[in-house]
Each structure stands twice: as structure tokens, then as C-alpha cells.
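Here's the structure we're looking at; comments come further down.
Throughout, read-outs are computed from the coordinates displayed, never taken from laboratory work. Being a predicted model, the structure only gives us computed values, none of them experimental. Counting neighbours? That spans all protein chains shown, and the Cβs are built from the backbone with ideal geometry, glycine included.
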Amino acid sequence: MNPLGWPGYEEQLARARERSGGAESVSWRRHRHAVVIKFDFRFLGGSVGTATGALIEQAFTEARATHLPVVSMIATGGSRMQEGMLSLRQLQRVTRLCAAHREAGLPHVSVLCDPTTGGVWASLGAGADVVIAVSGAQVGFAGSRVRPDDDCAYTAEGQFAAGTVDMVVARDEVDPIVSRILDVLTRGDAVPAEVPRALGAHSLPTNGWSAVSGARAPERPRAAAYLDDYFDFRVPISGDRAGGVDPGMLCGFGRRGERAIAFAAQTGTATTPAGFRTASRLIRLAERFALPVLTLVDTPGAANDAAAERAGVGAAIAELFATVAEARVPITTLVIGEGGSGGALALSSPEHTWITPNAYFSVIAPELAAAILKRDDVRQLADDLRLRPQDLVELGVVRGIPDHQ
């Protein structure tokens with residue numbers, strides 16, 4: 001227990017055991033639906049040493065043997081100084097355990113309590129499938145004694161804004177939310193998701209411009225209305241894990257009857273690189289848990305400003321195209337509003353795309369097509385593009401138009 005011969009370490013461990021009532025900074029227990037790992041910050045600041053790593057390995061080994069998810073309840077200052085590099089190397093050990101758990105197709109949910117800093121945040125915490133942070137918790141790679149300032153970036157809320165945390169909740173909300181997450185992540189059946197019923201307009205547009213106008217109408221039902229109508233409840237995920245969040249891309253998992261279905265839904269805004277990357281992340285998670293995917297298309301197109309170009313919008317769209325093409329779970333798509341160019345097509349299933357009566361799908365918006373082709377007749381151009389729902393069915397671009405029942 002004192003591999004470096006650190007002066008006074010045995011006494012520190014004894015005091016920590018007396019203070020916490022535990023043998024180490026972590027403990028674990030197998031419950032009916034998950035193996036739960038708990039950190040105790042009273043034990044040397046929840047720091048990780050070699051014995052800690054051994055306990056975490058026991059927990060993950062038990063979870064794989066019993067085919068159970070892992071829930072990590074984290075409160076830590078990071079690696080234990082008194083064990084030097086032997087302590088730091090536990091991060092590699094933990095990462096290998098998380099990788100083996102993923103390979104087995106089992107969920108891992110981390111809960112970031114106050115504080116969660118250092119290498120444990122950068123391995124066991126941030127590496128989980130779904131990351132929940134307790135409101136107000138200190139969360140960051142740099143702890144308070146070593147970072148240069150006390151910016152809000154080091155908080156649960158700051159990490160959520162940066163796309164590295166899926167949700168921030170009050171402490172008393174953690175248990176029910178974790179239960180819901182485990183419920184949906186363990187119900188995979190790889191059976192295609194049902195097509196949602198159409199909301200809004202019943203009649204088909206008479207011409208191309210009326211199709212465009214109907215899709216842009218402010219009263220037309222948006223993604224949130226479709227998700228509320230389709231699911232009994234849903235659990236969101238947020239962020240691309242690369243510093244970005246797009247509130248115009250709603251992603252997560254939901255229950256519909258006894259089934260669990262993953263979803264990625266555009267809300268009518270131009271989709272940013274972070275939005276495309278979050279959708280790719282959602283589909284990859286769905287693959288791991290054999291969950292079918294529902295995508296709702298509604299965007300004038302990909303964001304095309306300078307910030308989007310600097311953030312790699314082309315590469316993000318390419319990644320989503322590839323993720324959809326390679327998906328090993330069925331993807332069902334419904335176009336519910338604007339289907340603008342590649343930013344819409346990237347989220348669409350190649351074989352199972354449907355469209356509502358108040359929607360359109362086009363190679364480009366009619367106004368932009370007019371600018372490129374140097375034409376003034378935007379309304380006629382909308383007809384020429386054959387972007388109406390009935391045109392798209394006839395062309396074989398979409399499979400059909402769902403009814404309202």
C-alpha cells in the first residue's frame with residue numbers, strides 16, 4: 001500500500017479509513033440493474049491509487065460477467081500523489097476497462113459530483129456513453145489548486161455549454177434519470193422504428209412554391225411536437241465532445257410503448273458542425289445498443305458562415321454521411337419541414353425516408369438556385385425542382401407520405 005515508500009503515507013491511509021469508514025476511495029456494489037462504482041471524497045480527496053484501480057477493475061469485471069451496465073458516481077481530485085506514476089498509470093487501466101465494456105455492448109453512465117477533476121474526469125468520467133453532471137459541481141481537467149483562474153468553464157454548467165456533458169441535473173434528480181437512461185439503453189431490438197404520423201396540414205401542396213411556403217410557415221409543427229407525440233418519455237444527449245453544441249439538433253433516446261428508439265431531430269435552423277457531429281455520435285451509440293434510429297429532417301441547410309467553415313462543416317457532414325451509410329441498425333427518416341440540400345440529406349436514410357404534406361426536399365433552396373442559375377422566376381424554379389412531397393414519391397426519392405392517424 002506504499003509502493004514509493006512515501007513518508008507518512010500509511011498514517012494518511014489510516015486516517016482516511018477512519019474518516020470515511022471505507023477501505024479505499026472507491027467502493028462498488030452489484031445491484032439488480034447495474035454495477036455501481038462510488039467515490040468517497042473524504043478518502044484522500046477521492047484520489048486514485050493502485051488499490052483504487054484494482055477495485056474499479058473488479059467492478060467492471062463483475063459487470064461484464066453478469067452483462068450489466070456500469071454507473072460511475074465520481075467525486076475526485078484525480079491521481080494520488082503519494083503513489084507517483086503508479087497512480088497515474090491507473091488511468092490507462094481504467095480506460096482499457098471502459099473499452100472492454102464498450103466492446104461487450106454494455107452501457108456506461110457517469111455521474112459527475114463535486115468535484116470531478118484530473119485524470120479521472122478525462123478517463124472514467126468523460127469516456128462514458130452518457131455523462132450527467134450535478135448542478136454546481138466543479139468539473140474540469142485542472143483542479144482548483146493548479147489551474148490559472150476560476151472561470152465558469154470549470155463547472156458542470158460550463159462543461160455542458162462546451163458539449164462534454166449531456167445534461168446538468170439537481171442531486172435529487174440523479175437516481176430517476178439514471179434509471180431512465182439504463183431503461184432505454186438496455187431495450188435494443190434492432191427493429192426499424194415506426195414512421196411517425198404526420199402533424200399539421202392534411203392536403204398536399206398544389207405547386208412548388210406553396211410547398212416551400214408551407215414548410216416555412218411559423219405555425220407548422222416542429223421537431224419537439226413530433227417527439228412529444230411519438231415518445232412516452234425521452235432522455236436527451238447533448239454535445240459533440242469536441243467543444244460544440246447545436247441546440248438545433250435534438251438527440252437522445254426515448255421509450256415508445258415497450259420499445260426504445262434513438263432519435264436525431266433538426267428543429268428548422270441551419271445545422272452547425274457540432275449538430276452533425278452530435279448526430280453521428282448518437283447513431284454510433286445506437287449501434288452499440290442495437291437501438292433503431294429515428295431521424296427528423298427540418299433544416300434550410302448546413303450553416304455556411306465563416307465560423308462553420310472554420311469548425312469543419314464539410315468534414316462534419318462527411319462524417320454523418322459515412323455514419324449513416326455504415327450503420328448496423330435500421331434508420332427511419334421523416335422530413336417534417338424544410339429539406340435543404342446536403343445538410344438535410346446527411347441525416348436521411350437512403351432507403352427508408354418519408355415526408356409529410358407540409359414539407360419539401362430539394363437539391364437547394366429555390367432562391368439560392370435562382371442566384372446560381374441567374375434566374376428571376378423563383379416560383380417557376382420551385383416547380384422545376386420538383387420538390388413537392390408527391391413529386392418526391394413519384395421520383396422514388398422518398399417512400400411515401402404518412403397519414404395523420
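Percentage of Cα-Cα pair distances in segment 208-395 greater than 28 Å, rounded to whole percent? Roughly 22 percent, once rounded to a whole number.
Radius of gyration (Cα atoms) of segment 1-105, expressed as a multiple of 2.2 N^0.38 Å: 1.08.
Using the Cβ atoms and a cut-off under 15 Å, what net charge is assigned to the surroundings of R15, where Lys and Arg are +1 and Asp and Glu are -1? Before the final figure, lay out each step's value.
Details: positive: R17, R19, R42, R80; negative: E10, E11, E18, E24, D40.
It works out to a net charge of -1.
Simple point charges give the picture: +1 on the Cβ of Lys and Arg, -1 on the Cβ of Asp and Glu, and for segment 62-211 a dipole about the Cα centre of about 460 debye. Using all pairs of distinct alpha-carbon atoms, the Kirkwood hydrodynamic radius of segment 153-286 works out to 16.6 angstrom. Placing unit charges on each Cβ (+1 for Lys and Arg, -1 for Asp and Glu) gives the chain a dipole about its Cα centre, and among A162, L334, P402 the Cα reaching farthest toward its positive end belongs to A162. Taken about its Cα centre, segment 143-292 carries a charge dipole of roughly 440 debye when the Cβ of each Lys and Arg holds +1 and the Cβ of each Asp and Glu holds -1. Taking the Cα centre of each part, how many Å lie between segment 179-244 and segment 1-68? Cα centroid to Cα centroid, the span is 43 Å. Summing charges over all other residues whose Cβ lies under 15 Å from the Cβ of N304, with Lys and Arg as +1 and Asp and Glu as -1, gives -4.
Semi-axes of the equivalent ellipsoid of segment 9-53: what are they in whole Å, largest first, if each equals the square root of 5 times a C-alpha gyration tensor eigenvalue? Each step should come with its number before you reach the end.
Working: eigenvalues 95, 21, 12 Å².
Its equivalent ellipsoid spans semi-axes of 22, 10, 8 Å.
Scaled to the globular estimate 2.2 N^0.38 Å, the Cα spread of segment 9-185, given as radius of gyration, is 0.97. Sequence-ordered 3J(HN,Hα) estimates for segment 352-360 from the Karplus curve with 6.51, -1.76 and 1.60 and θ = phi - 60° stand at 10, 10, 10, 9, 8, x, 9, 8, 9 Hz, glycine and proline given as x. Please compute the net charge surrounding A344, taking Lys and Arg as +1 and Asp and Glu as -1 over other residues with Cβ under 10 Å from its Cβ. So the surrounding residues net to -2.
For a footprinting-style exposure proxy, rank T116, T50, T299 by other Cβ within 10 Å, fewest first. Write out the running numbers ahead of the final one.
Working: T116 33, T50 15, T299 25.
Sorted ascending by nearby Cβ count, the order is T50, T299, T116.
Per-residue Karplus couplings for segment 53-60, computed as 6.51 cos²θ - 1.76 cosθ + 1.60 with θ equal to phi - 60°, are listed in order as x, 5, 5, 5, 5, 4, 5, 5 Hz, Gly and Pro entered as x. For H67 and D172, what is the calculated FRET efficiency with R₀ set at 30 Å and r taken between the beta-carbons, to the nearest 0.05? For H67 and D172, the calculated efficiency is 0.50. From the Kirkwood radius over Cα pairs of segment 158-218, Stokes-Einstein at 4 °C and 1.567 mPa s returns a whole-number translational diffusion coefficient of 78 µm²/s.
Based on every Cα atom in segment 240-304, Rg and the maximum pairwise Cα distance Dmax equal 12.0, 41 Å. Considering only L387, A318, L106, the residue lying farthest towards the positive end of the dipole of the chain is L106, judged by Cα position with unit charges set on Cβ. Our summary gives segment 247-405 a relative contact order of 19 percent, counting only alpha carbon pairs under 8 angstrom and 6 or more residues apart.
When the helices of the chain are scored as -39500 (n - 2.57) per DSSP H run of n ≥ 4 and the total is divided over every residue, the value at 222 nm lands at -10500 deg cm²/dmol. Each of Q82, N358, F253 was placed along the dipole of the chain (beta-carbon charges, centred on the mean Cα), and the one lying farthest toward the positive end is Q82.
Against the chain, whose longest principal axis comes from its Cα atoms, helix 174-185 is set at around 60 degrees.
How big is the chain by the Kirkwood estimate over distinct Cα pairs, in Å?
Numbers: mean 1/r = 0.0437 Å⁻¹.
Every distinct Cα pair counted, the radius reaches 22.9 Å.
By the compact-protein rule of thumb, 2.2 N^0.38 Å, the alpha-carbon radius of gyration of segment 209-276 corresponds to a ratio of 1.26. Taking a temperature of 37 °C and a viscosity of 0.692 mPa s, what whole-number D in µm²/s does Stokes-Einstein yield for segment 345-405 with Rh from Kirkwood over alpha carbon pairs? Taking Rh from Cα pairs, D becomes 262 µm²/s.
If you run the Gaussian network model on the chain, springs between alpha carbon atoms under 10 Å, then out of R328, R281, R379 the most flexible one is R379.
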